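Scroll down for the structure; my scribbles are underneath it.
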Amino acid sequence: MIKMENVFKRYQNGVTALNGVSIHIEKGEFVYIVGPSGAGKSTFIKLIYREVKPTTGLVEINGVNTSELKEREVPFFRRRIGVVFQDFKLLPKLTVYENIAFALEVIEESPRNIRKRVMEVLELVDLKSKARFLPNELSGGEQQRVSIARAIVNRPDIVIADEPTGNLDPDTSWDIMSVFEDINERGTTIIMATHSKEIVNKMKKRVIAIESGMIVRDESRGEYGYEN
Ligand code: ADP
Ligand code: ADP
């Protein structure tokens with residue numbers, strides 16, 4: 001489902017963010033990406049949803065070589081991938097309901113299906129009662145649950161999360177993790193970059209460690225492996 005072969009990523013400024021990465025991730029896996037700041041974790045994640053392209057090497061997602069995608073094909077490609085960010089990235093002037101419905105409106109779903117599906121995902125993240133709220137009327141944890149609901153509303157095969165608990169306190173972080181576990185148990189592949197030692201060590205999932213643009217560790221029931 002996710003395949004990288006000998007991937008190098010060099011940015012315009014000459015920085016080599018990834019330095020010969022090869023990896024396979026299968027459908028339904030839950031994978032943590034760990035490593036020091038600047039190691040290349042975000043770049044690894046951005047390659048998966050084709051926010052960046054490899055300089056050399058192969059990135060293949062759901063059978064698609066992302067280097068061969070035309071610009072006009074990118075939105076279609078991204079429909080099968082949900083993305084969750086540390087800072088939520090909700091649209092501030094839209095309600096919770098509208099933030100989530102937006103992703104379905106652009107693909108011209110029928111209003112009836114949109115309504116049904118939005119209420120389904122709000123139920124899943126336990127926020128039905130706040131459908132009419134604006135993002136700034138919610139706590140950080142609630143905002144992150146909205147952004148998870150938005151990420152899964154199209155039923156993607158893969159959900160990518162870049163430090164999704166980075167702005168949340170520990171209790172709220174555990175709530176968010178249980179939502180991700182729930183989604184994973186329904187068959188969705190989860191790839192999550194994190195600096196949370198507690199979460200990684202408790203969950204006993206696959207851990208891929210990146211340092212200086214290289215994979216230095218890949219364990220099926222791994223540990224965080226760093227001090228903080
Ligand atoms: P991490 O997520 O592990 O902190 P990143 O993938 O963000 O690592 O960054 C890896 C390296 O690439 C760092 O040296 C960073 O400064 C550099 N980098 C990241 N994004 C860009 C960019 N858009 N342009 C230039 N350099 C970048
Ligand atoms: P239930 O499934 O319990 O009948 P509803 O479908 O009536 O729940 O909606 C639950 C919440 O979502 C309510 O606050 C409702 O006002 C809100 N909601 C439903 N549809 C929309 C919409 N199109 N725009 C904004 N809020 C909506």
Residue that is in contact with a Pro (Cβ under 9 Å, 6 or more places away or on another chain), more than 16 Å from ligand 1 (Cβ to nearest atom), of a type in the set (D, E, K, R) and open to solvent by 10 Å² or more (accessible area, probe 1.4 Å), where the choices are 181, 185, 198: 198
Kindly check whether there is at least one residue in the stretch 46-65 that is over 24 Å from residue 146 (Cβ atoms), touching a residue at least 24 places away in the same chain (Cβ under 8 Å) and near ligand 1 (Cβ under 8 Å from one of its atoms). yes
Of residues in the stretch 211-228 being out of contact with any Ser or Thr (no Cβ under 9 Å at 6 or more places or on another chain) and under 22 Å from residue 167 (Cβ atoms), the one most open to solvent (accessible area, probe 1.4 Å): 227
Any residue that is within 20 Å of residue 92 (Cβ to Cβ) and within 16 Å of ligand 1 (Cβ to nearest atom) - is there at least one of those in the stretch 132-143? no
Give me a count of the residues in the stretch 9-40 that are of a type in the set (Ser, Thr, Tyr) and either over 26 Å from residue 228 (Cα atoms) or buried (at least 16 other Cβ atoms within 10 Å of the Cβ) (or both). 3
Among (1) open to solvent by 10 Å² or more (accessible area, probe 1.4 Å); (2) of a type in the set (Val, Ile, Thr); (3) farther than 23 Å from residue 102 by Cβ; (4) more than 9 Å from ligand 1 (Cβ to nearest atom), which single condition is residue 81 missing? (3)
Taking residue 76, is it open to solvent by less than 80 Å² (accessible area, probe 1.4 Å), within 21 Å of residue 190 (Cα to Cα), more than 16 Å from ligand 1 (Cβ to nearest atom) and not in a strand (DSSP E or B)? no
Just need a number here: residues in the stretch 123-139 that are touching a helix residue (DSSP H, G or I) at 6+ places or on another chain (Cβ under 9 Å), within 18 Å of residue 182 (Cβ to Cβ) and more than 7 Å from ligand 2 (Cβ to nearest atom). 4
Selection from the stretch 121-170 of residues charged (D, E, K, R) and within 25 Å of residue 49 (Cα to Cα) yields 142, 145, 150, 155, 157, 162, 163
Which residue, of 87, 126, is within 16 Å of ligand 1 (Cβ to nearest atom), of a type outside the set (Phe, Trp, Tyr) and open to solvent by 50 Å² or more (accessible area, probe 1.4 Å)? 87
From the option list 95, 43, single residue qualifying as at pLDDT 95 or above, closer than 28 Å to residue 173 by Cβ, crowded, with 17+ Cβ neighbours inside 10 Å and within 15 Å of ligand 1 (Cβ to nearest atom) is 43
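The values are calculated or read from the model by the stated rules, or taken from the named source; none is laboratory data. This is a predicted model, so every value here is computed, not measured. Counting neighbours? That spans all protein chains shown, and the Cβs are built from the backbone with ideal geometry, glycine included. Only protein heavy atoms, including side chains, enter the accessible area calculation; ligands, DNA and RNA are left aside. Shrake-Rupley method; radii C 1.70, N 1.55, O 1.52, S 1.80 Å.
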